[in-house]
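The values are calculated or read from the model by the stated rules, or taken from the named source; none is laboratory data. Remember, predicted model here, so these are calculated numbers, not experimental data. Glycine also receives a Cβ, built like all others from the backbone with ideal geometry; neighbour counts cover every protein chain displayed.
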Amino acid sequence: MKTKLFFFLICIFIGSVAQAQRVPLKWEQVAPGVWKATVGQPDKVDLLGTAGGSPRKEALQKLGEQPFPLSLPDCNAEVKEGKVYLRFPLQAEEQLFGLGLQFKTVNRRGQVLNLHMDHYGGSDNGRSHAPVPFYVSSKGYGVLVNSARYITVYAGSAVRVNSEHPPKVYDRNTEADWSAQPYSDAVEMLVPTTGTEVYVFAGNTPMEVVQRYNLFNGGGVLPPKWGLGFTHRMPTLSTADQVEAEAGAFKQHGFPLDFIGLEPGWQTKAYPCTFEWDKTRFPDPAGFVKDMKAKGIRLNLWLNPYLSPASSLYEAAKPLSGSHTVWNGLVPDFTMQPAQELYKQLFKKQHVDIGVSGYKIDEVDGYDNWLWPDVATFPSGTSAEQMRQLFGVMMQRATAEWFKEKGVRTYGLVRASNAGASSLPYVIYNDYYNHRDFITALCNSSFIGVLWTPEVRASKTAEEWLRRMQSACFSPMAMLNAWADGTKPWSFPEVEKQVKDVALLRMQLFPYLYTVFSQYYLEGKPPVRAMNLVEGFSFNHQSEKAALDGTENPYQVALREDVKDQFMLGDNLLVAPMFAGQADRKVILPQGKWYDFYTGEYVGNGSIIVAKPGLDKIPLYVKDGGIIPMIPPVLHTPAPGEQLPLEIRHYGEAESTSVLYDDDGESYDYQQGKYMQYQLSARKNKQGKWQEKVVIENKQGVKQAYKDIKWRFMLPAGSK
């Protein structure tokens with residue numbers, strides 16, 4: 001009897017092991033350097049399909065072919081108990097980035113994350129406004145799980161009994177190197193569904209991986225020109241007259257302004273919303289929009305998508321909405337075309353067709369206690385969980401398509417995004433308000449194909465106000481949000497001049513900024529870049545002094561930590577924000593010579609420097625040979641047909657070439673190749689004197705935006 005029982009238990013054990021056996025994934029190449037594998041039976045709705053981007057094949061071809069970047073036998077999956085289990089290998093010195101818009105840390109290795117759409121709650125636990133299930137490795141590859149589920153990620157935090165690279169076993173009693181988190185050789189994920197698609201992206205560098213990811217999803221967004229100017233959001237119950245007066249005050253104070261945001265009070269009712277103009281505050285919406293545009297000011301409308309019983313759409317929308325309300329408003333099922341069409345009819349009539357330029361899409365992220373619950377149902381059969389992961393992207397795509405049908409670009413704000421959304425014209429914002437963490441989020445946004453803005457709302461001191469404004473002016477959207485307390489750029493008179501100076505500097509840098517965003521579209525390079533994506537800034541860097549300590553080799557020690565308070569804006573400009581209470585700060589320079597943006601003085605090469613800019617300036621550095629095109633300090637971004645003088649700054653001693661991009665700034669003609677590129681080059685002749693050259697290419701009927709082009713060589717003291 002005992003023998004039979006023993007044999008029976010052995011059979012159960014062997015059977016359970018066989019059932020849990022992981023199966024190598026089967027990969028299909030779908031683009032140069034991009035592979036896809038399918039596990040089980042994927043859901044009908046997913047992240048990439050919802051975002052709707054089409055791969056930019058020609059741009060992907062330019063990046064060239066790459067071999068599959070991971071060990072095939074070590075990429076495994078299984079479907080068990082209605083869930084997908086995934087495992088991918090990790091090497092000892094490998095660092096991981098991405099996995100959502102987090103605010104505290106950049107390096108994800110060792111973290112456990114539940115990628116769940118939510119308002120950020122102060123902890124990097126995966127709940128985020130953009131819980132993108134995509135990670136980028138310092139070894140030159142990325143992994144995306146294309147599932148709109150709450151995915152749990154063990155990013156090198158778990159150790160398997162049968163690991164081929166087990167951690168060393170330490171005795172805590174006697175060995176100082178004991179750790180509560182031993183070395184792990186794998187990324188493991190739990191996807192709570194019966195199947196999913198998995199993508200792998202390869203590259204020679206982490207930046208190339210990010211490029212392939214963005215290009216595979218349609219390339220990055222190229223905003224309209226006005227979107228890169230300064231924006232100001234009005235107090236909630238502002239009237240048309242107050243908005244016009246506010247625009248006049250900006251002009252009087254000499255502050256730039258390109259678009260104004262109207263908060264909930266522009267509607268007849270909000271929380272829930274009607275999306276219809278309140279005629280007591282805005283008696284002639286079409287005339288008001290037209291008058292403001294004539295003054296060079298666009299209008300952006302706040303909304304959340306929850307439909308009020310007072311709306312004319314309410315009864316028609318009921319059968320197309322979820323089982324639960326949000327703030328007593330219907331939640332439309334935007335996976336259904338009839339729901340989209342219903343909203344489209346109203347939005348086009350009330351907003352788009354009269355010239356409104358964009359939206360601020362609020363509260364499509366969380367919290368759990370007021371958003372629809374996971375027990376909610378939707379008429380399409382899409383689960384509440386999937387709807388939460390996707391809703392922000394669906395709103396972005398639908399509204400963007402309405403503007404595209406009209407032939408004009410838009411640029412707006414949103415509280416929720418996800419994988420595949422790089423081509424959608426929205427910038428993420430939230431109600432969190434930690435200045436340092438805002439910069440960390442800027443760095444993290446660059447890995448996952450989203451844009452983020454560190455808006456300014458209020459400050460306790462003039463110093464904090466100025467430091468926040470300086471950071472905002474070097475973000476994807478320069479925004480002051482006065483919806484609650486009516487703050488102005490000049491609210492702290494003692495720093496009004498410094499705030500105006502940095503706002504005007506952003507306007508001067510417009511040609512550079514617009515070119516940086518053109519790279520996002522054409523090449524997939526994010527406009528704001530974490531230092532870990534920058535050439536010459538690597539965890540693998542080792543100085544000639546090999547000892548890893550803070551005295552002999554501080555650069556290497558610094559790189560082993562999170563570098564989360566500085567970033568690159570485009571190829572040439574390093575931004576190192578200052579925070580209230582700081583008189584100086586450390587800046588880590590990549591390999592190569594670097595120069596002070598303001599003076600042209602040499603500052604260092606692959607070293608850690610201490611910046612002491614004073615209160616007036618944000619530290620900015622340009623790499624050797626960097627070319628920065630600039631216009632005069634204007635109050636509005638260039639209008640179609642407008643010509644402005646151009647100064648081209650060249651920094652350092654290296655000969656170089658660069659591209660300045662331009663198009664009409666409003667239409668989608670650039671997608672048919674109707675744009676202009678100025679090929680800029682600076683070289684030395686035989687006598688050692690600088691010779692500059694400008695060649696215009698790809699004109700295709702685009703009017704030249706720049707005239708009186710002059711070069712300025714920002715040379716260190718003593719240089720020729």
Problem - Within the stretch 311-358, tally of residues that are among the β-branched types (Val, Ile, Thr) and either part of a helix (DSSP H, G or I) or closer than 16 Å to Ser380 by Cβ (or both) - result: 4
Handout entry: Checklist (1) surrounded by fewer than 17 Cβ atoms within 10 Å (Cβ to Cβ); (2) assigned to a loop (DSSP other than H, G, I, E, B); (3) in contact with a helix residue (DSSP H, G or I) (Cβ under 9 Å, 6 or more places away or on another chain) applied to Lys703, failing item
Key = (3)
Handout entry: Lone qualifier among Asp664, Asp596 - being without any contact (Cβ under 8 Å) to a residue 40 or more places away in the chain, of a type outside the set (Gly, Ala, Ser) and within 30 Å of Ala247 (Cβ to Cβ)
Key = Asp664
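Residues that are more than 27 Å from Gly53 (Cβ to Cβ), touching a residue at least 60 places away in the same chain (Cβ under 8 Å) and in contact with a helix residue (DSSP H, G or I) (Cβ under 7 Å, 6 or more places away or on another chain): list the helices (runs of 4 or more DSSP H) wholly contained in the stretch 377-493 that include at least 1 such residues. Working first, answer last.
Working: elements: 384-406, 435-445, 462-472.
Passing ranges, in order: 435-445, 462-472.
Does at least one position in the stretch 554-573 carry a residue that is of a type in the set (Lys, Arg), modelled with pLDDT under 95, surrounded by fewer than 21 Cβ atoms within 10 Å (Cβ to Cβ) and not assigned by TED's automatic domain parsing to the domain that holds Val659?
Checked against the condition, which is being of a type in the set (Lys, Arg), modelled with pLDDT under 95, surrounded by fewer than 21 Cβ atoms within 10 Å (Cβ to Cβ) and not assigned by TED's automatic domain parsing to the domain that holds Val659, the stretch 554-573 yields at least one hit.
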Practice task
Check off (1) touching a Leu at 6+ places or on another chain (Cβ under 7 Å); (2) assigned to a helix (DSSP H, G or I); (3) closer than 30 Å to Glu164 by Cα for Tyr199 and give me the number that stays unchecked.
Solution key: (2)
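With of a type in the set (Phe, Trp, Tyr), touching a Pro at 6+ places or on another chain (Cβ under 8 Å) and in the same structural domain as Arg212 (by TED's automatic domain parsing) as the only criterion, which of Phe134, Phe97, Phe103 stands out? Even if it seems obvious, please write down each step before you answer.
Values: Phe134 fails: touching a Pro at 6+ places or on another chain (Cβ under 8 Å); Phe103 fails: touching a Pro at 6+ places or on another chain (Cβ under 8 Å).
From the options Phe134, Phe97, Phe103, the qualifying one is Phe97.
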Handout entry: All positions within the stretch 278-331 that are surrounded by fewer than 16 Cβ atoms within 10 Å (Cβ to Cβ) and at pLDDT below 95
Key = Ser312
Completion exercise
Exception for Ala294 within (1) small (Gly, Ala, Ser); (2) out of contact with any Gly (no Cβ under 6 Å at 6 or more places or on another chain); (3) more than 30 Å from Lys225 (Cβ to Cβ) falls at (3)
Completion exercise
The lone condition Gly265 fails out of (1) in the same structural domain as Ala400 (by TED's automatic domain parsing); (2) touching a residue at least 60 places away in the same chain (Cβ under 8 Å) is (2)
Fill in the blank from the handout: Over the stretch 319-370, the set of residues in contact with a Pro (Cβ under 7 Å, 6 or more places away or on another chain) and not aliphatic (A, V, I, L, M) is Pro319, Ser321, His324, Trp327, Asn328, Gly329, Pro332, Asp333, Tyr343
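Considering Val106, Val79, Val153, Val84, which residue is under 22 Å from the mean Cα position of the chain (by Cα) and outside any loop (DSSP other than H, G, I, E, B)? So that I can check it myself, show each step before the final result.
Values: Val106 fails: outside any loop (DSSP other than H, G, I, E, B); Val79 fails: under 22 Å from the mean Cα position of the chain (by Cα); Val84 fails: under 22 Å from the mean Cα position of the chain (by Cα).
The unique qualifying residue is Val153.
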Problem - Index of the failed condition, Gly665 passing every other in (1) in a loop (DSSP other than H, G, I, E, B); (2) farther than 22 Å from Ser475 by Cα; (3) not β-branched (Val, Ile, Thr) - result: (2)
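For the stretch 184-202, does any single residue satisfy the condition of being of a type in the set (Ser, Thr, Tyr) and more than 25 Å from Val112 (Cα to Cα)?
We begin by selecting, within the stretch 184-202, every residue of a type in the set (Ser, Thr, Tyr); these are 184, 193-194, 196, 199.
The next check asks that each one be more than 25 Å from Val112 (Cα to Cα); those that pass are none.
Looking through the stretch 184-202, none of the residues is of a type in the set (Ser, Thr, Tyr) and more than 25 Å from Val112 (Cα to Cα).
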